[in-house]
1. Given the peptides 102-111, 83-92, 277-286, 53-62, arrange them by the average over their residues of other C-beta atoms within 10 Å, most packed first.
2. Exposure proxy check: I135, I270 ranked by fewest other beta carbons within 10 Å?
3. Between I49 and A278, how high is the FRET efficiency from 1/(1 + (r/R0)^6) when r is the Cβ-Cβ distance and R₀ = 22 Å? Nearest 0.05.
4. In nm, what is the difference between 0.36 nm times the number of residues separating E257 and V112 and their Cα-Cα distance?
5. Let me see the P(r) profile for segment 83-190: every Cα-Cα distance counted, bins of 10 Å, each bin given as a percent of all pairs.
6. Tell me, T160, T251 in order of fewest to most beta-carbon neighbours within 10 Å?
Amino acid sequence: MINRQEALGKDEAAVTPRPPNRARFLVLVSFFKNKKSAIGFVIFSLFAIMAIFSPWIRPYNPSATEFLPLQPPSWHHLLGTTASGQDVFSQLVVGSRVSLGIGVGAGVLATVLAILMGMVPAYLGGRTDAIFNTITNIMLVIPGLPLLIVITAYIHQSGTWSLIFVLGLTGWAWGARVLRSQTLTYVRRDFVVAAKLAGASHWYIVMHEILPNMLSLVVANLMFGTLGALLATASLQFLGLGNPDAMSWGTMLFWAENGEALLNGAWWWIVAPGAAVALVGASMALMNFGVDELSNPRLRQALQYSKAMAKAQASGAGRKRA
């Protein structure tokens, strides 16, 4: 005999069949065909590779003070040296591991909390949704950066994991509000009602029926949550609230400010970590454009229409020349 779980699993599988591998492959191909998302992916991949293989990429010991101080960029020091005689490029490479690790970790944590605090209560509705919506509103009212400053000031160990948990626990509210609003529009859709009638569990409906239709919002929340965590980390470390001995882009800015880099004309000391943060943010914004065009049919239609108009104008111009 077939037990209830096996029957329920068959019903769930019948409600929403999983896409074949070819369809997933075509989605990836479409993502990389988009110029914006492809450029963003390349930029972020370069920083990720630099962070993973930083012990082998860095040319010198980032803490070594054996070089001449405040040397401009050259072949021996691609990004110059600090006031203490440290190689800036080596510090940038090694610091990418901590900065990206905190940003990605806090972004993932904030996205998971946004799903649990926004999407799930909105699907359940009633008192559960009212309670979690009140918590979200309270978190939205509290200023973000002052709250981070107060929390990190009372944490005795401002290490990597501490910053990840602090930034993740304080950065989920905006994402939860957006996901909740969108989930409320899907609760009474036909495919959700059909899944309920088939006996699918609440968790299955949220994860397999509603969440795939909100992929663009979830990915956007992940990317901008990561970027926000990266900027917040750099800001806190710049203010001296992090561990100044841990090599990261924020501590590079902290020591550059203390070493009066701009007054001494050492612009490269500040530009290097600032440009790294800006490039990572630009890469995430570009990748988000590609995800929006894949998941939003209106954007796909607009893109196809613009391409068709460009081809028509090009063919018309060719005929006039002929």
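Every number in this text was worked out from the coordinates using simple rules, so none of it is lab data. As the structure is a prediction and not an experimental result, all values here were calculated from the model. Cβ placement follows ideal geometry from the backbone for every residue including glycine, while neighbour counts extend to all protein chains displayed.
1. The most tightly packed comes first, giving 102-111, 83-92, 277-286, 53-62.
2. Values: I135 13, I270 17.
Ascending number of Cβ neighbours within 10 Å: I135, I270.
3. Details: r = 19 Å, r/R0 = 0.85.
The formula returns an efficiency of 0.75 here.
4. That works out to 48.7 nm of additional length.
5. 14, 33, 28, 15, 7, 3, 0
6. The order, fewest Cβ neighbours first, is T160, T251.
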